[in-house]
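Here is the structure we will look at.
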């Protein structure tokens, strides 16, 4: 079984590299997203990126995959409508954060997923950008509850049940933030999925996504699709929808 899992991991990594190399041939009518993962078996973005790419490419979203924070530079970010972060990177340089922050402030999207709220602990401004920081977790099977059903991100989305890590967050930044879903446990209501306005741009975050049980769930894939489309802003979304109809 271990040998099979290693083979699968290598196969999917090669697939990710091929998709990255062919990003220049991406459909120009699609949204273009930088998926920033990492080279680690924990929160294995090398395995989960291909799952999301397969699910969303046909729905109008193209991805380019990277595993180093060096991808957060102004010249590279010019190619994208949004950045999706799913990784455990420990540090970000002032220049890298500035590039990401300016990218979002200028009207683009930022989609931190699950462990992204634990990234870049050396940057308080990054934590403010996300809207909160991972504090602790246990695990279990649960269904996060929608609390803002009329928000555009919730359109066509239904609550889904999955095994996942039960994140608790700290350092909340309520400025410009709207909580869309909560994880309810006894009398605790933990913010789970939220959105933020940041300058002219938008941030979408969800704490879901520990492993393939969630990444393979159509409900989770729909949530990320809606979050990405919302994050790029109304002008870009309207342009994308018009091109998709042609």
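Kindly establish whether residue 106 is at negative phi, touching a strand residue (DSSP E or B) at 6+ places or on another chain (Cβ under 9 Å), surrounded by fewer than 14 Cβ atoms within 10 Å (Cβ to Cβ) and touching a residue at least 60 places away in the same chain (Cβ under 8 Å). Step through it out loud before you land on a result.
Values: at negative phi: yes; touching a strand residue (DSSP E or B) at 6+ places or on another chain (Cβ under 9 Å): yes; surrounded by fewer than 14 Cβ atoms within 10 Å (Cβ to Cβ): yes; touching a residue at least 60 places away in the same chain (Cβ under 8 Å): yes.
Against the criterion (at negative phi, touching a strand residue (DSSP E or B) at 6+ places or on another chain (Cβ under 9 Å), surrounded by fewer than 14 Cβ atoms within 10 Å (Cβ to Cβ) and touching a residue at least 60 places away in the same chain (Cβ under 8 Å)), residue 106 qualifies.
Does residue 159 fit the bill of being touching a residue at least 40 places away in the same chain (Cβ under 8 Å), farther than 19 Å from residue 116 by Cβ and in contact with a strand residue (DSSP E or B) (Cβ under 7 Å, 6 or more places away or on another chain)?
yes
Looking at region 54-103, which of its residues are part of a loop (DSSP other than H, G, I, E, B), in contact (Cβ under 8 Å) with a residue 40 or more places away in the chain and either on the phi < 0 side of the Ramachandran plot or crowded, with 18+ Cβ neighbours inside 10 Å (or both)? Let's see the steps before the verdict.
Taking region 54-103 first, the residues part of a loop (DSSP other than H, G, I, E, B) are 60, 67-68, 72-73, 78-81, 86-93.
Imposing the further condition that a residue be in contact (Cβ under 8 Å) with a residue 40 or more places away in the chain reduces the set to 60, 79-81, 86-89.
Once the filter is applied, which keeps residues that are part of a loop (DSSP other than H, G, I, E, B), in contact (Cβ under 8 Å) with a residue 40 or more places away in the chain and either on the phi < 0 side of the Ramachandran plot or crowded, with 18+ Cβ neighbours inside 10 Å (or both), region 54-103 yields 79, 80, 81, 86, 87, 88, 89.
Return the total of residues in region 173-194 being more than 16 Å from residue 145 (Cβ to Cβ) and in contact with a strand residue (DSSP E or B) (Cβ under 7 Å, 6 or more places away or on another chain).
Quick first cut of region 173-194, residues more than 16 Å from residue 145 (Cβ to Cβ) only: 173-177.
Next cut, in contact with a strand residue (DSSP E or B) (Cβ under 7 Å, 6 or more places away or on another chain) only: 176-177.
The qualifying residues number 2.
Going by the structure shown, is residue 129 buried (at least 22 other Cβ atoms within 10 Å of the Cβ), free of Cβ contacts under 8 Å to residues at least 60 places away in the same chain and assigned to a helix (DSSP H, G or I)?
Details: buried (at least 22 other Cβ atoms within 10 Å of the Cβ): yes; free of Cβ contacts under 8 Å to residues at least 60 places away in the same chain: no; assigned to a helix (DSSP H, G or I): yes.
No: the conditions fail for residue 129.
Tally time: how many residues in region 138-152 are under 19 Å from the mean Cα position of the chain (by Cα) and part of a loop (DSSP other than H, G, I, E, B)?
Counting residues in region 138-152 that are under 19 Å from the mean Cα position of the chain (by Cα) and part of a loop (DSSP other than H, G, I, E, B) gives 2.
Let me spell it out: the conditions are (1) surrounded by 21 or more Cβ atoms within 10 Å (Cβ to Cβ); (2) touching a helix residue (DSSP H, G or I) at 6+ places or on another chain (Cβ under 8 Å); (3) closer than 21 Å to residue 215 by Cα, and residue 115 meets all of them except one. Which number is the exception?
For residue 115, the failing item is (2).
Residues of region 162-173 being under 15 Å from residue 206 (Cα atoms) and in contact (Cβ under 8 Å) with a residue 40 or more places away in the chain, which ones? Full working, then the answer.
Taking region 162-173 as the starting set, the residues that turn out to be under 15 Å from residue 206 (Cα atoms) are 162-170, 172-173.
Across region 162-173, the qualifying residues are 162, 163, 164, 165, 167, 169, 172, 173.
Say we look at region 38-53 and pick out the residues that are part of a loop (DSSP other than H, G, I, E, B) and modelled with pLDDT of 95 or more; which of these is nearest to residue 115 (Cα to Cα)? Give the steps one after another, and end with the answer.
Just the residues of region 38-53 that are part of a loop (DSSP other than H, G, I, E, B), to begin with: 38-44.
Add one more test, that the residue is modelled with pLDDT of 95 or more, and what stays is 38, 43-44.
Details: 38: 11, 43: 8, 44: 11 Å.
Filtering region 38-53 for residues that are part of a loop (DSSP other than H, G, I, E, B) and modelled with pLDDT of 95 or more, the one nearest to residue 115 (Cα to Cα) comes out as 43.
Every residue in region 162-181 that is part of a strand (DSSP E or B) and either modelled with pLDDT under 95 or surrounded by fewer than 18 Cβ atoms within 10 Å (Cβ to Cβ) (or both), please. Write out each step before concluding.
If we filter region 162-181 for residues that are part of a strand (DSSP E or B), which is where we start, we get 162-165, 168-170, 177-181.
Passing the criteria: 163, 168, 170, 178.
Among the residues of region 148-161, write down those that are more than 18 Å from residue 203 (Cα to Cα) and surrounded by 18 or more Cβ atoms within 10 Å (Cβ to Cβ).
Of everything in region 148-161, just one residue is more than 18 Å from residue 203 (Cα to Cα) and surrounded by 18 or more Cβ atoms within 10 Å (Cβ to Cβ), namely 157.
The values are calculated or read from the model by the stated rules, or taken from the named source; none is laboratory data. None of these values were measured; they are calculated from a predicted model. FYI the Cβ positions are ideal-geometry reconstructions off the backbone, even for glycines, and counts take in every protein chain you see.
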